[in-house]
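Here is the structure we will look at, set down as structure tokens.
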Amino acid sequence: MLIGIDVGGTTTDAVVVDGNKVVKTAYVSTDHDNLLKCLLGAMDELVQGIDPKKIERVVLSTTLITNMIAEGKTDPVALVLIPGPGTNPKDYALGESIILGGAIDFRGKEIDPLKVTQIKEAASGIRTQGLSRVAVVGKFCQRNHAHELKAAEILASALPGAKIEMGHRVSGQLNFPRRAATTMLTAATKDRYEQFAQDVAKALKERKISAPVYILKADGGTLPLDKSLQMPVETIFSGPAASIMGVLALTAPGQSSVVVDIGGTTTDLALILSGKPLLSAKGARVASLLTHVRAFAVKS
């Protein structure tokens, strides 16, 4: 038996699938201030009379991250960039950022060292703003992490308790602006997502369900829940991805379809061409930000 749970903006829906049949369904209203209560309510109704040992896998989809971004409820982040020569971060539409000197070239070789005093000044500015989440991203630092690691170390020492994300740990792909946006969104959503993941784990444990738990990604694939904690941004379009996978399952092979997912917070559009979902060419667009998140092409 498989359990599927969709934590949406309006309702939390759950199903039990046995073989090729949905054998039981449940849904409750989503309370964004108490997701654990929603999950427990849906799970209580769903697993009643079912032996927990027969459950082989639990798969979740959620609009949690999408809704946080759409409603402007993400945590504020200090974006620290090390752009090097030849780029102007003001052109990236990333909002206000702190620019550090220093540079790594495309081969991963340091061509300009960091300035420690500049990093300490940046830490002082971040402290003055009262920010506790920091994203540090250097151009070409996916090829040489040294500048991001050093900047993060100095910032962590000057800002006790601050949570710092580094670009090379979020994405190893080229394209500095996309990596910066992806890192910033990761820092902005991680705390809420961790709470959500903990709520899910607690809800399943209380129901004595020990089956592995997966989260649906924006490209229709799945990721173990514990591993998704490092990359919550991968679940940005998890809800629409579930609708796309559902349409694929319910339509004839090779059919073209327009997918319309009308949710409580956003209406999401996607396209299936000749039986294959259309993917974003380089990564998901989140509001006005271009990211490195592999995703179906979704218009919210």
Relative to the longest principal axis of the C-alpha atoms of the chain, give the angle of the C-alpha long axis of helix 238-250, reported between 0 and 90° and rounded to the nearest 10°. 40
Carbon + sulfur, % of accessible area of the chain - ligands and nucleic acids excluded, 1.4 Å: 53
Please check which bits of region 167-182 a label hung off K90 would reach, taking the label as a point 7 Å along Cα-to-C-beta and the cut-off as backbone N under 19 Å. 177
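Just the number, please: percent antiparallel of the DSSP beta bridges in region 62-153, rounded to the nearest 5.
Bridges in region 62-153 are about 20 percent antiparallel.
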Of A151, A122, A241, the most mobile residue in a GNM of the chain (C-alpha springs, cutoff 10 Å) is A122
Using the heavy atoms of the protein chains and a 1.4 angstrom probe, tell me the accessible area per residue for region 81-161 in square angstrom. 53
Antiparallel %, DSSP beta bridges [both residues in the chain], to 5: 60
List the relative contact order of the chain as a percent without decimals, with contacts defined as Cα pairs under 8 Å and 6+ residues apart. 17
Region 1-101 - share of DSSP beta bridges that are antiparallel (%, nearest 5): 65
Extension reserve of the S256-D191 stretch, reckoned as 0.36 nm per residue once the Cα distance is removed: 19.5 nm
Show me the trypsin sites (Lys or Arg not before Pro) within region 89-140 that DSSP assigns to loop and that have at most 13 other Cβ atoms within 10 Å of their Cβ. R107, K109, K115
For the chain, with +1 on Lys and Arg beta carbons and -1 on Asp and Glu, the positive-most of T117, S274, A297 along the dipole: T117
Rounding to the nearest 20 debye, state how big the charge dipole of region 1-135 is about its Cα centre with +1 on each Lys and Arg Cβ and -1 on each Asp and Glu Cβ. 360
Folded to 0 to 90 degrees: helix 146-158 orientation relative to the chain principal axis, Cα: 90
In degrees, nearest 10, the alpha-carbon axis of helix 116-129 is tilted away from the dominant principal axis of the alpha carbons of the chain by 50
Near K120, which lysines are there with a Cα under 27 Å away, not counting those fewer than 8 places off in the same chain? K90, K109, K139, K150, K163, K190
DSSP-assigned coil residues among chymotrypsin sites (Phe, Trp or Tyr not before Pro) in region 88-162, each with at most 15 further Cβ atoms within 10 Å: F106
Can you classify region 101-231 as rounded, prolate or oblate using the Cα gyration tensor, where a ≥ b ≥ c are the square roots of its eigenvalues, rounded means a/c under 1.5, and otherwise it's prolate if a/b beats b/c and oblate if not? oblate
Evaluate the charge dipole of the chain about its Cα centre and quote only its size in Debye, nearest 20, assuming +1 on the Cβ of each Lys and Arg and -1 on the Cβ of each Asp and Glu. 700
Once normalised by the length of region 14-150, the mean sequence separation of its alpha carbon contacts under 8 Å that are 6 or more apart gives a contact order in percent of 19
Would you please classify the overall shape of region 54-154 from the alpha carbon gyration tensor, given that a ≥ b ≥ c denote the square roots of the eigenvalues, rounded means a/c under 1.5, and beyond that prolate means a/b larger than b/c while oblate covers the rest? prolate
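The values are calculated or read from the model by the stated rules, or taken from the named source; none is laboratory data. Note that the structure is predicted; figures quoted are calculated from it, not measured. Heads up, the Cβs are rebuilt from the backbone with ideal geometry, glycines too, and the neighbour counts pull from every protein chain shown. Heavy atoms of the whole protein, side chains included, go into the accessibility calculation; ligands, DNA and RNA do not. Shrake-Rupley method; radii C 1.70, N 1.55, O 1.52, S 1.80 Å.
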